[in-house]
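Read through the structure below, which is laid out as structure tokens, and then see the notes.
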Amino acid sequence: MAKTLRRLFTVLAATVAAVGLMTTAPASAETSSDTGVSPFIVGGSRVSTSTYPWVVYLATSTGGQFCGGTLVKANKVVTAAHCVSGRSASSTRVVHGRDDKQSTAGTVATVSRIWVHPSYRTASSGYDVAVLTLGTNINSTYLPLATPSDTALYAAGTSARIYGWGTTSSGGSASRYLLGATVPVTSDSTCRTAYSNYSPTSMVCAGYPQGGTDTCQGDSGGPLVAGGKLIGATSFGRGCALAGYPGVYARIASYYSVITAQL
Ligand code: ARG
């Protein structure tokens, strides 16, 4: 019995150690105190929904923010499939025009329908895109979708913007305010080096080679914007803002026709 217990504790200790390794940033990772930049998204700054009115967040019926999204029509929001797969529309809300999650600014819309890409299985296998239909129209400007002709927006080095209310470090706590940052689009080969499951048709990566700026947990589903268009939806990454591991986004141009069919 004592031996069994000791074995159990050994296994537990090893698990705790492994989880610790997974969530702890390496000593080489830049911290906000190194850079003098406040730790927003990771490495960004506060921005307002009055400037970017199409950035929305997804919340539970009790108001808890769990993902981001982009308003692409008065009653349509593009988000990540992994944010809403298995959720009921009736338990989901879309919050528009609220920079501060602790305020009551803006509007809370109900969701009447959730479409998840039929080929979606897990974020890291692609097709990580979904469309929510809202119960009420939101009067706001919308962000156009990147189309299959927008290949230039996906060229390596294109300056793109990320937005969200997610965590400001891997495993950290979520941001109270909307944050935004700029990241360059990464080449397919760089992304493939980082992620063996990278699909250049389904995904696009963005981030600096040295890391430091990235989306993080809770930013999923939110926009990656370039050239005034929605080019990506935040999908996954190894940790957040790690050197050599850019953020991975669902490649919106690849899903242009299936998304448009839902609008
Ligand atoms: N999967 C995360 C979410 O659900 C997004 C992670 C993005 N990670 C990254 N390193 N860019 O919110």
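The values are calculated or read from the model by the stated rules, or taken from the named source; none is laboratory data. On a predicted model such as this, the values are computed, not experimentally measured, just so you know. Because the Cβ atoms are built from the backbone with ideal geometry, glycine has one as well, and the counts that use them run over all protein chains shown.
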### Task
Test ALA174 against the stated conditions and say whether it is closer than 22 Å to ILE252 by Cα, of a type in the set (A, V, I, L, M, F, W, C) and surrounded by fewer than 23 Cβ atoms within 10 Å (Cβ to Cβ).
no
### Message
Being farther than 18 Å from ALA174 by Cβ and either of a type in the set (Lys, Arg) or buried (at least 24 other Cβ atoms within 10 Å of the Cβ) (or both) is the filter here; which residues of the range 50-83 pass it?
### Response
THR70, LEU71, LYS73, LYS76, VAL77, VAL78, ALA81
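Of all residues in the range 118-137, which are away from the ligand (no atom under 16 Å from the Cβ) and closer than 18 Å to ALA233 by Cβ? It would help to see each step written out before you state the result.
Here is the first cut: in the range 118-137, the ones away from the ligand (no atom under 16 Å from the Cβ) are 118-119, 131, 133-137.
Matches in the range 118-137: PRO118, SER119, VAL131, THR133, LEU134.
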### Message
Looking at (1) modelled with pLDDT of 95 or more; (2) surrounded by fewer than 17 Cβ atoms within 10 Å (Cβ to Cβ); (3) within 12 Å of the ligand (Cβ to nearest atom), which one does GLY211 not meet, given that it meets all the others?
### Response
(2)
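Could you please give the count of residues in the range 205-247 that are within 21 Å of VAL56 (Cβ to Cβ) and part of a strand (DSSP E or B)?
Looking only at the range 205-247, we keep the residues that are within 21 Å of VAL56 (Cβ to Cβ), and these are 206, 214-236, 247.
Remaining after also requiring part of a strand (DSSP E or B): 206, 214, 223-226, 229-236, 247.
Total meeting the criteria: 15.
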### Query
For CYS216, are the conditions met, namely being within 14 Å of the ligand (Cβ to nearest atom), more than 27 Å from TYR142 (Cβ to Cβ) and not hydroxyl-bearing (Ser, Thr, Tyr)?
no
### Message
I want to confirm something. Restricting to the range 231-249 and keeping residues that are under 13 Å from ILE162 (Cα atoms) and of a type in the set (Gly, Ala, Ser), which single residue is nearest to the ligand (Cβ to nearest atom)?
### Response
GLY247
